[in-house]
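S.K.: Just dropping this structure here.
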Amino acid sequence: MSVKEPKYVTESKRLCKESGMDPNIIASPKKFMTKQELYSKRKSYSDILSVVSYFSNKLLDSLKGTPILIVISDSVGYLLDMVGDETIKTTVEQFGIKQGSLFTQEDTGTNVISLALQQRHPITLIGEDHYHRFLFEVACYGAAFHYTDEDNLLGSVCIMMPIVFQNPLFLTMLSQVVDSIERELLLRKQNKKLNIMNQIMLSRTRNGIVITDEKGITTEFNDFAQKISNRSRGSVLGKRIYESDLTGDYFKRVIEYEEKYENEELKFINENGDKVVCLFDAQPIYEDDKLIGAFGQFRDITDRYLIEEKYNYLAYHDDLTGLPNRRYIQKEIETIIKRNHVGNNPKLAIMFLDLDRFKIINDTFGHSNGDILLTKVTNRLVECLGENDKLARLGGDEFIFLLKDFENDHYVIEIADRVLEQFKHPFIVNTNEFHTTVSIGIAIYPRQTITLEDFMVYADTAMYKAKSQGKNGYVVYTSDMFNNSGEEIKFESDIRKALENNEFRLHYQPQVCNKTGRIVGVEALIRWNHPKYGLIYPDKFIKLAEETGLITEIGEWVIEQACIQNKKWQNLGMGPISIAVNLSSQQFFKLNLVGFVKRVLDQTGLNPKYLILEITESMAMDFTYSLKVLRQLKDIGICISIDDFGTGYSSLSYLKKFPIDYLKIDRSFVRDIMEDNNDVNIVKAIITLAHNLGLQVIAEGVETKEQLEFLKKNNCDKIQGYFFSKPIEAEQFEQIYAPMLQK
């Protein structure tokens, strides 16, 4: 039974016949590459030829003893390589079949290379399948190979042999070889792309990248790592990373114990002598669950770290004397008092110092001489410090000593006497001789727990007593000095009834956009309309509310009323504005906060984006909890603001991680920006820091045109303060501002 001739063979023979080819005449290639063209072509095909040759040689090895010749062509038909039986190779070269020859059907008739390139499947040309008779004693098998991801034809692999050795198995083997070639070519192509991408990523990233193998040998050290460390790539590659003083221990634990590290702060001095601060991450690298190395990256935070250092210094130090300032010393005292809450009875005392007649000296001889005098006073006061003592400047001509961990109260009196002794001698300022004395108020922390505010009031009261007694002396505070009118209102039963009797009120202080001058928000501020004492401000009752545990209930009332009022304004046709509400610590750390806020928004119908919840820096100290709650609030759509920014100890790195929208500059910084260069630098630093982090800035306590112009000039986003309006009731707000806020 005869086998039907394949269509591609029939079609090829027909074309040969129509073109007038004589089957009895040997047909040879007519076009050949020059040596240079062949060299260039093979060079451009070097990666492909290496793969094809590898698998071709494996095929030859498996058919050892069989006289076959394997020929490899490019996608056009140029013969690029011939391997196999030397006898066959010598024979076919006599017919012009050699490297660089071009196989086309027009020149060589029915041939395996041309037909293999045309077909989508392996082909056979055996004996009389050929058009020319001189090939009737030859069996040929051929197949094209491609980049399979793009279906891009690359060339062909063909086998030639005497017809007596023909075997259909050769076609199967050739198919398997071509499959292997295509898989390997695709893998190499993908690896090459991946390598290029890795190089781009390593060179373009702003992080320093270090990669090691499973033995800790450094295999990659990118350009940015070189820049951070000031070490060359050549000095690091091939070296054992364990020898690094900076990261060796980290990488060792990653490789040996498969540990991971994240945001490890590393500080070092590079070879240029510059201080460098980085955040370092490291983790194992796996392949098929087997550890094959370690990956580490550095993020250079030097600039941010130095800004933070400068900011912290400016925030807590006096610019003139270099001493700690009021904020710093109050934090120190408060920390010690908090320890007293857990059972410690601190040996603690403070001394308020006020220079006598300093104002006369300052006004008479000028501020520059006054500043010099203050620095000289500082130098003498520092000499009075004991081992555990601290000195701070409160502002102007006021200083404070913090004395702690002393054996008995006599030590405090000794320090006071030592200070008075320093003022017995004149101060020389620019050849002028100044005589000044000092009045000192002393408060020794009592056995019972008191607040920082009370403690400071005691010392201040004693100091004024010392002045009233003729100055140049000290007075120790006693309880009978205190003016009862200055105490906080203590009526627990009244505050418990205040919510029930609807005695609380909300006042609203406008927030104005710096650029447009339009009202864009309000802050809701609570007031207590006491039936006996009239309107009471929160500084008189919030502490009491916290002590009685009512602060959370009051805080929830504020949120609910603020949302109701804002929605009411919108329903009246006033353009939507945001409303800011302060959260107390107790309220923030209550587990149902998020659910409560969501419920209020649902009930009032207020869009969450018009509610701003203000937290303080101290609430951010519990990072994990705070991050979780803030993210949940942000998921609802609420805006978050950090209130009184700059007065707490929160890490600046938290700002980047917390989902916050606003920083609110504390009024204590705004108050003195026209007189205190220190506060000028702090306000500028806060605005710059916030804008670099994509946050908006609100300044509160703006009372003068000069303050406003300064904040405008320095691009503060929102302004709030008495310059525009004091906090007012809702009805008054509607009368004044409703026309401006009409849609």
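The values are calculated or read from the model by the stated rules, or taken from the named source; none is laboratory data. The structure presented is a predicted model; accordingly, all values stated were derived computationally and were not measured. All Cβ positions, glycine included, derive from the backbone under ideal geometry; neighbour counts span all protein chains shown. Ligands, DNA and RNA are stripped out before the accessible areas are found, and what is left, the full protein with its side chains, is counted by its heavy atoms. Shrake-Rupley method; radii C 1.70, N 1.55, O 1.52, S 1.80 Å.
S.K.: Evaluate the charge dipole of the chain about its Cα centre and quote only its size in Debye, nearest 20, assuming +1 on the Cβ of each Lys and Arg and -1 on the Cβ of each Asp and Glu.
M.R.: Values: 89 positive and 104 negative charges, 363 e Å.
The calculated dipole for the chain is roughly 1740 debye.
S.K.: Lys590 to Arg505: extension gain in nm, 0.36 nm per residue of separation minus the Cα-Cα distance?
M.R.: Length gained, Lys590 through Arg505: 28.2 nm.
S.K.: Using only DSSP helix segments of four residues or longer, with each worth -39500 (n - 2.57), what per-residue ellipticity at 222 nm results for the chain after dividing by its residue count and rounding to 500? Working shown, then result.
M.R.: Details: 26 runs with 308 residues, N = 743.
Calculated at 222 nm, the ellipticity per residue is -13000 deg cm²/dmol.
S.K.: Taking Cα centroids, how far is the stretch 670-709 from the stretch 5-49 in Å?
M.R.: First find each Cα centre; the distance between them is then 82 Å.
S.K.: Working from Cα positions, state the angle (0 to 90°, nearest 10) between the long axis of helix 7-18 and the longest principal axis of the chain.
M.R.: Around 60 degrees separate the two axes.
S.K.: Also, quick follow-up: Just name one of Val177, Gly238, Phe455: the one whose Cα is farthest towards the positive end of the charge dipole of the chain (beta-carbon charges, Lys/Arg +1, Asp/Glu -1).
M.R.: Final value for the positive-end residue is Val177.
S.K.: Based on the Cβ-Cβ distance of Ile636 and Asp249, what FRET efficiency does E = 1/(1 + (r/R0)^6) give at R0 = 51 Å, to the nearest 0.05?
M.R.: Values: r = 44 Å, r/R0 = 0.85.
For Ile636 and Asp249, the calculated efficiency is 0.70.
S.K.: While we're here: With every protein chain present, what is the per residue accessible area of the stretch 346-479 (1.4 Å probe, Å²)?
M.R.: Working: 6380 Å² over 134 residues.
Value for the stretch 346-479: 48 Å² per residue.
S.K.: Here is a follow-up. Using only the alpha-carbon atoms, how far is helix 326-341 inclined from the longest principal axis of the chain? Give it as 0 to 90 degrees, nearest 10.
M.R.: 90 degrees
S.K.: Also, I was wondering about something else. Enumerate the lysines that Lys471 could reach by cross-link, defined here as Cα to Cα under 22 Å, with residues fewer than 8 away along the same chain left out.
M.R.: Within the straight-line cut-off, Lys471 pairs with Lys359, Lys376, Lys424.
S.K.: Still on this model: Please give the charge dipole size of the stretch 91-163, origin at the Cα centre, charges +1 on K and R Cβ atoms and -1 on D and E Cβ atoms. Round to the nearest 20 debye. Mind showing how you got there, number by number?
M.R.: On the way: 3 positive and 9 negative charges, 34 e Å.
With Lys and Arg at +1 and Asp and Glu at -1, about 160 debye.
S.K.: Leaving ligands, DNA and RNA out of it, report the carbon-plus-sulfur percent of the accessible area of the stretch 559-710 at a 1.4 Å probe.
M.R.: On the way: 2970 of 6160 Å².
Using a 1.4 Å probe with all protein chains present, the stretch 559-710 comes out at 48 percent carbon and sulfur.
S.K.: Which value, in debye to the nearest 20, describes the size of the charge dipole of the stretch 603-738 about its Cα centre when Lys and Arg Cβ atoms bear +1, Asp and Glu Cβ atoms bear -1, and nothing else is charged? Don't jump to the answer; show the numbers that get you there.
M.R.: Details: 15 positive and 20 negative charges, 130 e Å.
Dipole about the Cα centre, nearest 20: 620 debye.
S.K.: I've got another one for you. Quick check for you: with a 1.4 Å probe and neighbouring chains kept, what is the accessible area per residue of the stretch 538-603, in Å²?
M.R.: 43 Å²
S.K.: If you take the alpha carbon radius of gyration of the stretch 222-346 and divide it by 2.2 N^0.38 Å, what ratio comes out, to two decimals?
M.R.: Working: Rg = 21.1 Å, N = 125, 2.2 N^0.38 = 13.8 Å.
Normalised Cα radius of gyration, the stretch 222-346: 1.53.
S.K.: Next question, about the same structure. Run the quick spin-label model on Tyr625 and Lys705: label points 7 Å from Cα toward the beta carbon, then report their separation in nm to one decimal.
M.R.: Going from the Tyr625 label point to the Lys705 one covers 4.9 nm.
S.K.: Along Cα→Cβ, 7 Å out, is where each label goes; now give me the distance between the ones at His121 and Asp539 in nm to one decimal.
M.R.: 9.3 nm
S.K.: Please work out the C-alpha center-to-center distance from the stretch 74-140 to the stretch 288-310 and express it in whole Å.
M.R.: Value for the Cα centre distance between the two parts: 60 Å.
S.K.: Still on this structure: What residues of the stretch 18-48 lie in the reach of a label at Glu128, counting those whose backbone N is under 17 Å from a point 7 Å from the Cα along Cα→Cβ?
M.R.: 23-24
S.K.: Here is a follow-up. Under a straight-distance cross-link criterion of Cα-Cα below 29 Å, which lysines are reachable from Lys41, leaving out those fewer than 8 residues away in the same chain?
M.R.: Partners found: Lys30, Lys31, Lys58, Lys89, Lys98, Lys189, Lys192, Lys193.
S.K.: Towards the positive end of the charge dipole of the chain, with charges on Cβ (+1 Lys, Arg; -1 Asp, Glu), say which of Ile163, Thr437, Leu381 has the farthest Cα.
M.R.: With unit charges placed on the Cβ atoms, the residue in question is Ile163.
S.K.: Next question, about the same structure. Which FRET efficiency, nearest 0.05, do Tyr722 and Glu407 yield, Cβ-Cβ r, R0 60 Å?
M.R.: Details: r = 49 Å, r/R0 = 0.82.
About 0.75, to the nearest 0.05.
S.K.: Using Cα atoms only, what is the angle between the long axis of helix 168-204 and the major principal axis of the chain, expressed in degrees (0 to 90) to the nearest 10?
M.R.: Between helix and principal axis, roughly 30 degrees.
S.K.: Does a label point 7 Å from the Cα of Ile25, set along Cα-to-beta-carbon, have any residues of the stretch 104-133 with amide nitrogen under 20 Å, and which are they?
M.R.: Backbone N within reach: 104-111, 130-133.
S.K.: Turning to a different aspect of this structure: Whole percent per 10 Å bin, from 0 to the bin with the longest distance: what is P(r) over all C-alpha pairs of the chain?
M.R.: Result returned by the calculation: 2, 10, 14, 14, 13, 11, 8, 6, 7, 7, 5, 3, 1, 0.
S.K.: Run the reach check for Lys705 against lysines, Cα to Cα strictly under 17 Å, same-chain hits fewer than 8 apart removed. What comes back?
M.R.: Leaving aside lysines fewer than 8 places away in the same chain, those within reach of Lys705 are Lys515, Lys713, Lys718, Lys726.
S.K.: Have a look at His507, Val112, Thr10 and report the one farthest towards the positive end of the charge dipole of the chain, computed about the Cα centre with Cβ charges (Lys/Arg +1, Asp/Glu -1).
M.R.: After comparing all options, I get Thr10.
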